[in-house]
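The values are calculated or read from the model by the stated rules, or taken from the named source; none is laboratory data. All values derive from a computational prediction rather than experimental measurement. Here the Cβ is made from the backbone with ideal geometry for all residues, glycine too, and neighbour counts use every protein chain on show. Areas reflect the complete protein model, heavy atoms only, side chains present, ligands, DNA and RNA absent. Shrake-Rupley method; radii C 1.70, N 1.55, O 1.52, S 1.80 Å.
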Amino acid sequence: MVYALLAIITILGSYFAFRYFSILYSLREVTKDLREIQKDLTQNQILHLPIPNRDLRKVMCSFNDTLEGIRKERQKYEKREKDIQKQIENISHDLRTPLTVILGYLKLIKKTVKELNMNKDLAEALEIIEQKAETMKNLVTQFYDFSRLNAGDYGLTLNNVDISRTLRESLMGNYQVLEQSHLEIEINIPERPIWVLGEGTALERIFLNLLQNAGRYANRFLHISIHEDEKNVSILFANDTNILSEDDIPHLFDRFYMQDSSRSQGGTGLGLTVAKSLAEEMEGTLEVNIVENEASQPDSDNIVICFKLSMKHI
């Protein structure tokens, strides 16, 4: 009788021990699967129960239903996002053509007014209209570039680019932007070629956006320089500012982020976002930091920020 009781206790103990360790093993395996799924929720993965268990199976079914719901919501969100980006791209494209025509006619009218020595007030009015139209064209271009980059439609072909020449030409081409900024500008660009992996038009776009950003936010100076090592070439745009604060710096690349003071200047908050995306499309990086001990007046509210574009050295 005692032996029978001990046998029953042993069997029950073994059964419950097996149940306990099998559940523990199953939970560990499920936890491992969950961690893998969390790394990429876009993959169509589900949880599997290593050892049959009715109660755990119900829990697994609930988890899998939740995962399926998350994936469906994510797919809906991505589709809505792509649709919105495509709409922005189409609208921006449709606006660019009439704006180009308007600017062409304005230049023609300005030339005629100047040649015929007509009313000075009319000439000034045409100048203002042209500036506003150029601003509008720039905003539309930023929306267009942003939507194409997000949709993966930009399609850059990378090749060897002389970045020192590209930067010099960009500065010469945007002389008006620099002149209107009234900044103390210091430029340190080597005369010799410096070759990087990139795309010329995209680099020009990045430089333009950085120059426009300095025009909006810089207070006294803008320093532009190139530094290189065996692997990378860095282009630095450093300027002081009393408009931005340290709290603004981490958000400068966020889309549509901008200080209220720059809205009146025709900004969209997309210029730096587009610049960073273009840099990444060329396998480079664009970052911003606060520079310590830079030339700024003591006891002032100015901070000095530096944008660093890094490209692969060829």
field: Where a residue in segment 71-93 is small (Gly, Ala, Ser) and its partner, wherever it lies, is surrounded by 12 or more Cβ atoms within 10 Å (Cβ to Cβ) and assigned to a helix (DSSP H, G or I), with Cβ under 7 Å and at least six apart
entry: Ser92/Val140; Ser92/Phe143; Ser92/Tyr144; Ser92/Ser147
- prompt: Which condition does Ile187 not pass, out of (1) in contact with a Phe, Trp or Tyr (Cβ under 6 Å, 6 or more places away or on another chain); (2) aliphatic (A, V, I, L, M); (3) more than 21 Å from Ser277 (Cα to Cα), if it passes all the others?
  reply: (1)
statement: Across segment 135-168, the tally of residues that are outside any helix (DSSP H, G or I) and either within 30 Å of Glu78 (Cβ to Cβ) or hydroxyl-bearing (Ser, Thr, Tyr) (or both) stands at 7
- request: From the list Asn302, Asn293, pick out the single residue that is modelled with pLDDT under 95, open to solvent by less than 70 Å² (accessible area, probe 1.4 Å) and not small (Gly, Ala, Ser).
  value: Asn302
- line: Apart from one, (1) under 34 Å from the mean Cα position of the chain (by Cα); (2) under 30 Å from Leu24 (Cβ atoms); (3) touching a residue at least 24 places away in the same chain (Cβ under 8 Å) all hold for Gln45; the odd one out is (3)
message: Give me the strands (runs of 3 or more DSSP E) completely within segment 182-242, filtered to those with at least 1 residues that are touching a Lys or Arg at 6+ places or on another chain (Cβ under 8 Å), ordered by residue number.
response: 184-188, 195-198, 232-241
- line: Asp248 vs (1) touching a strand residue (DSSP E or B) at 6+ places or on another chain (Cβ under 7 Å); (2) crowded, with 16+ Cβ neighbours inside 10 Å: all pass except (1)
statement: Gly155 meets each of (1) in contact (Cβ under 8 Å) with a residue 12 or more places away in the chain; (2) open to solvent by less than 70 Å² (accessible area, probe 1.4 Å) with one exception, condition (1)
- prompt: Among the residues of segment 199-210 satisfying the criterion of being without any contact (Cβ under 8 Å) to a residue 60 or more places away in the chain and open to solvent by 10 Å² or more (accessible area, probe 1.4 Å), which is nearest to His313 (Cα to Cα)?
  reply: Gly200
message: What are the pairs with Cβ atoms under 8 angstrom where one residue, in segment 122-150, is closer than 15 Å to Asn209 by Cβ and the other, located anywhere, is open to solvent by 40 Å² or more (accessible area, probe 1.4 Å) and among the aliphatic types (A, V, I, L, M)? Sequence gap at least six, or different chains.
response: Val140/Leu95; Phe143/Ile88; Phe143/Ile91; Tyr144/Ile88; Phe146/Ile88
query: Just checking, how many residues over segment 158-198 are touching a helix residue (DSSP H, G or I) at 6+ places or on another chain (Cβ under 8 Å), modelled with pLDDT of 90 or more and either aromatic (Phe, Trp, Tyr) or open to solvent by less than 40 Å² (accessible area, probe 1.4 Å) (or both)?
result: 12
Which listed residue, of Lys107, Lys111, Lys76, Lys132, is open to solvent by 70 Å² or more (accessible area, probe 1.4 Å), more than 20 Å from Gln176 (Cβ to Cβ) and part of a helix (DSSP H, G or I): Lys76
